[in-house]
Amino acid sequence: MFRCIFFRKKLASYLEGELSEQERKRVENHLEGCERCRKELSSLKEIRTLLSKKPSPPPFPYSEGQFMASLRDRMRKEERVSLLARVPRFAAVASLVTIFFIIGFLWLTSPHPQPKVEGVGDFTQLTDITIPFEDVISLVDEDTLLTEIDNELADGEAELYQFYLEEISAVSGPQVVVALAGLSESDYEKLVNETADALAKDLFPKMEEGK
Amino acid sequence: MDEKKLIAGAKNGDESAFEELVRRYRKPIYHLLYRLVADYMEAADLTQEVFVKMWQKLSNLRGEGSFKSWLYRIAVNEAKNHFRAKKRRKWVPLSPKLPALDNPEKSTLAGERKKALLSAVERLPEKQRISLVLRVWEGMDFAEIAEVMGSSAATARANYHFALVNLKKIIKKR
């Protein structure tokens, strides 16, 4: 019986001549000794024979000319819909490009400061602290700096301080800092100085006390 | 004209090449759809859908596989969408309005059996019905059926096998 289940699954393919030579022989060998499977094959063959005559569809309900005209009409409608569907996307892209042009034009024609960052490591420039240290450090690569501070604090405080000030310029860049903070050149210099001062107080309280 | 040239022309937007392809495949696609959906007006409307889709998707057609299989796949998918839209379910009795697949042959017992069988084909689950139609009436081998249905040849073979077995069961019940 188990063997019958295995072979019955192959009977349809056997009828269609879609089995390999080896499989076909195995099925035929089984059929010779199994009446139930022969009956199954016989009924499937009857179904297959009844199906063999194609059902003939009624004639196509439209003439070729009607069909082609209707198809052309339909395709043109689809193309219009497709074009209309593109309009919002096109409008969005056009708006973005226009906005970029306006911003670019305003940026190019307006005077903007090019701060010169000098002497940021000069301790003599340290002045009053008005900006919290956390706000300033958030403008730069905080993780890198804090890791460096943790690692290097014991080694050389002065070198670390210099490193930090250079990082402000290197990572954020003077223009970026100005753009982000919306600062003028003088305000930027003030920011750098205040940053240095804040850092100095934060990292080197003893140095500040002794100043 | 060579079919490959027509396909290349249609892909490049040549409407006359496209229309020649439509003329060549209009009847075969209509016949296939009629055998699948069993309604000649619906089959005709779906035929138009198939060629609209063909026009839209021609740019995606790659060299591998045959154009016929690709087009038949579009047709089979349209038929599937039609089945879903109609919310036909397997083994649900057909609406009395649905015409039989073939002209009635009332005079003979064989004619009655055949009529019953064709009506039973309409009740087969979707994939079994498609496999049966492609194999028996479109003369495709299982590899081609697999290409059209987006399945493996083994799945196509199994669907066909169960289609025959289920037809036998339906006929026995009558």
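The values are calculated or read from the model by the stated rules, or taken from the named source; none is laboratory data. Values in this document were obtained by computation on a predicted structure and should not be read as measured data. Don't worry about glycine lacking a Cβ; one is built from the backbone with ideal geometry, like all the others, and counts go over all protein chains shown.
With respect to the conditions (1) under 30 Å from B:LYS27 (Cβ atoms); (2) under 51 Å from the mean Cα position of the chain (by Cα); (3) modelled with pLDDT under 90; (4) surrounded by 12 or more Cβ atoms within 10 Å (Cβ to Cβ), A:LYS9 lacks only one, and its number is (1). Within the stretch B:121-174, which residues are in contact with a helix residue (DSSP H, G or I) (Cβ under 6 Å, 6 or more places away or on another chain), of a type in the set (Gly, Ala, Ser) and surrounded by fewer than 19 Cβ atoms within 10 Å (Cβ to Cβ)? Once the filter is applied, which keeps residues that are in contact with a helix residue (DSSP H, G or I) (Cβ under 6 Å, 6 or more places away or on another chain), of a type in the set (Gly, Ala, Ser) and surrounded by fewer than 19 Cβ atoms within 10 Å (Cβ to Cβ), the stretch B:121-174 yields B:ALA143, B:SER152, B:ALA153.
Restricting attention to the stretch A:15-35 and to residues that are in a helix (DSSP H, G or I) and closer than 30 Å to B:LEU32 by Cβ, the residue that is farthest from the other protein chains (Cβ to nearest Cβ) turns out to be A:ARG24.
If you check B:MET140, B:MET41, which single one turns out to be in a loop (DSSP other than H, G, I, E, B), within 11 Å of chain A (Cβ to nearest Cβ) and at pLDDT 85 or above? That would be B:MET140, the only listed residue that is in a loop (DSSP other than H, G, I, E, B), within 11 Å of chain A (Cβ to nearest Cβ) and at pLDDT 85 or above.
If you check B:LEU61 against the conditions, is it in contact (Cβ under 8 Å) with a residue 24 or more places away in the chain and within 12 Å of chain A (Cβ to nearest Cβ)? Criteria not met by B:LEU61. So for the stretch A:57-68 (the condition being at negative phi, surrounded by 15 or more Cβ atoms within 10 Å (Cβ to Cβ) and more than 50 Å from the chain's Cα centre (by Cα)), does at least one residue qualify? Yes.
Considering the conditions (1) under 19 Å from B:GLU138 (Cβ atoms); (2) among the aliphatic types (A, V, I, L, M); (3) without any contact (Cβ under 8 Å) to a residue 60 or more places away in the chain, B:ALA38 is excluded by exactly one of them, (3).
Restricting the stretch A:36-56 to residues that are in contact (Cβ under 8 Å) with a residue 24 or more places away in the chain and more than 11 Å from chain B (Cβ to nearest Cβ) leaves a set whose member that is nearest to the chain's Cα centre (by Cα) is A:CYS37.
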